[in-house]
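Presented below is the structure to which this report refers.
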Amino acid sequence: MPTECSAERFDFGRVEGRAVEAAFDAGLVTSDAGALLLSATDRAIDLVGRFADCFRDYRRQDLIEHAVGTLIGQRVFGIALGYEDLNDHDGLRHDPLMAVLAGKLAAWRGDCAPVAGKSTLNRLELSQSEPSRYHKIAYDAAAIEALPVTLFLEAHKRPPEQIILDLDATDDPLHGHQEGRFFHAYYDCYCYLPLYVFCGRHLLAAKLRPSDIDASAGSVAEVERIVRQIRARWPFVRILLRADSGFAREALMAWCEQNRVDYLFGLARNTRLVAMIEEELAAARTMAEKTGRPARRFKDFQWTTLGSWSRRRRVVAKAEWTQGEANPRFVVTSLKRSEAAARQLYEDIYCARGDMENRIKECQLDLYADRTSAATMRANQLRLWFAAMAYVLVCALRRIALADTAFANATCGTIRLKFLKIGALVRISCRRIKIAMASACPAAEQWGRAARRLAEAANARASPA
């Protein structure tokens, strides 16, 4: 049957004798009702408020419609909900759920919406370290960098005996003429080269850098800052740095050795290293040809470079023969043989660093940390911090509300799809705001359990024992 549509009503045929009609006449409806969980998570960890405290507002207070805290929360919640562009907020500013999250149902001025549009948020993203005539909001970069580490420390009831900090650099492709863009031959594109530091699922640092540098550039300063903040709270915790061969640099290893920090880094192979394991490679080849399956042997030895290292260090080699060819791999570490044998060191400890790649994917694919299309490095760094805070918020939601459930290891994208993107009617009366969510929501039971857990966490924070 042909579809008949009008400006007010859309017909979609008939089902069992009943006409199927659609119209945009439901009133206050939102597709993001699950964002209430984000608000509850924020109350449990106080992220948005402390993030807003890193900014200083020099605007005339009597003329302000949208406070800095509202702008910060709107941007962080928006990214977590999947709205990567500031343009999206020209529509979101009228969304009733965003108004509820902001704690402000109506604008004080008649020509404004309850929350900000793209232009106001753009001025926030163009903030500088010091205010100027046209940029009245300034931020404290050091305070912003310290906040994720503070939240990580608060996430533990007691200090762990050991933590592993994973470092990695990744590409952030650029499609314009942004400040600091360079062509990177390995990634075959113009890009930034941000540095990430994680501890498990916890994001500790997201540093935007140009790509015309070594992968380890600036890592000593970042690690020193993070370790200093961690040890101020946990003075006896043992710290292990783990990274690929791009970080096996004398400066970083020497700093670790001088500051009671262990390290385990990949080591780029060369002819001298390969020559050290010729016998092991031959044995692996013999075994592979005999069994028809990949074979590997391990060797543990002391080694140094011809000139760039200041001392001999422990190196573990994996001599592997697979798919008819040699596949040698090397790592350098400060860990002693009594603490980790060669196979355990490589297979159980070093290879586990690959999970960090999934955390970076969550940041860049699910939470748009690579949406660095502003003209300046400063503005793009601030965008990266907004995405980082959105990741920390969703990570806290997963840790507090979804532990011991089927979604305990879900990605940020899955959590958004299952728990945040829920359609609902919003009814506002003089006494209450009722968010009537879809009865057929598949995750309704888990959503309710998550809401109760977050309420308990928020109450515990409000009234600590």
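Specify which of the listed residues (Phe183, Phe198) is part of a strand (DSSP E or B) and exposed (fewer than 15 other Cβ atoms within 10 Å of the Cβ).
The unique qualifying residue is Phe183.
Could you check the stretch 210-237 and list, in sequence order, the residues that are surrounded by fewer than 20 Cβ atoms within 10 Å (Cβ to Cβ) and within 17 Å of Gln364 (Cβ to Cβ)?
Selection gives nothing.
In the list Leu167, Leu153, which residue meets the criterion of being assigned to a strand (DSSP E or B) and not assigned by TED's automatic domain parsing to the domain that holds Ala388?
It is Leu167.
Could you grab me the full set of residues in the stretch 363-374 that are of a type outside the set (A, V, I, L, M, F, W, C), within 21 Å of Asn122 (Cα to Cα) and surrounded by fewer than 24 Cβ atoms within 10 Å (Cβ to Cβ)?
Gln364, Tyr368, Asp370, Arg371, Ser373
Hey, can you tell me all the residues within the stretch 166-182 that are touching a strand residue (DSSP E or B) at 6+ places or on another chain (Cβ under 6 Å) and under 16 Å from Asp370 (Cα atoms)? Let's see the steps before the verdict.
At the first step, the residues of the stretch 166-182 found to be touching a strand residue (DSSP E or B) at 6+ places or on another chain (Cβ under 6 Å) are 166-169, 171-174, 180-182.
If the condition is that a residue be touching a strand residue (DSSP E or B) at 6+ places or on another chain (Cβ under 6 Å) and under 16 Å from Asp370 (Cα atoms), then Asp168, Ala169, Asp171, Asp172, Pro173, Leu174, Gly180, Arg181, Phe182 are the ones that fit.
Report, by residue number, each residue of the stretch 231-262 that is without any contact (Cβ under 8 Å) to a residue 60 or more places away in the chain, in a helix (DSSP H, G or I) and farther than 18 Å from Gly218 by Cα.
Arg231, Ala232
Can you say whether Ser310 is out of contact with any helix residue (DSSP H, G or I) (no Cβ under 7 Å at 6 or more places or on another chain) and either without any contact (Cβ under 8 Å) to a residue 12 or more places away in the chain or of a type in the set (S, T, N, Q) (or both), as far as the supplied structure shows?
It is false that Ser310 is out of contact with any helix residue (DSSP H, G or I) (no Cβ under 7 Å at 6 or more places or on another chain) and either without any contact (Cβ under 8 Å) to a residue 12 or more places away in the chain or of a type in the set (S, T, N, Q) (or both).
Return yes when Leu240 is in the same structural domain as Ile164 (by TED's automatic domain parsing), crowded, with 20+ Cβ neighbours inside 10 Å and modelled with pLDDT of 95 or more and no when it is not.
no
Quick test for you: out of Asp172, Asp188, pick the one residue that is buried (at least 18 other Cβ atoms within 10 Å of the Cβ), farther than 20 Å from Ala248 by Cα and among the acidic types (Asp, Glu).
Answer to the check: Asp172.
The values are calculated or read from the model by the stated rules, or taken from the named source; none is laboratory data. Bear in mind the structure is a predicted one, so any value in this text is a computation, not a measurement. In this analysis, Cβ positions are derived from the backbone assuming ideal geometry, glycine residues included, and neighbour counts consider all displayed protein chains.
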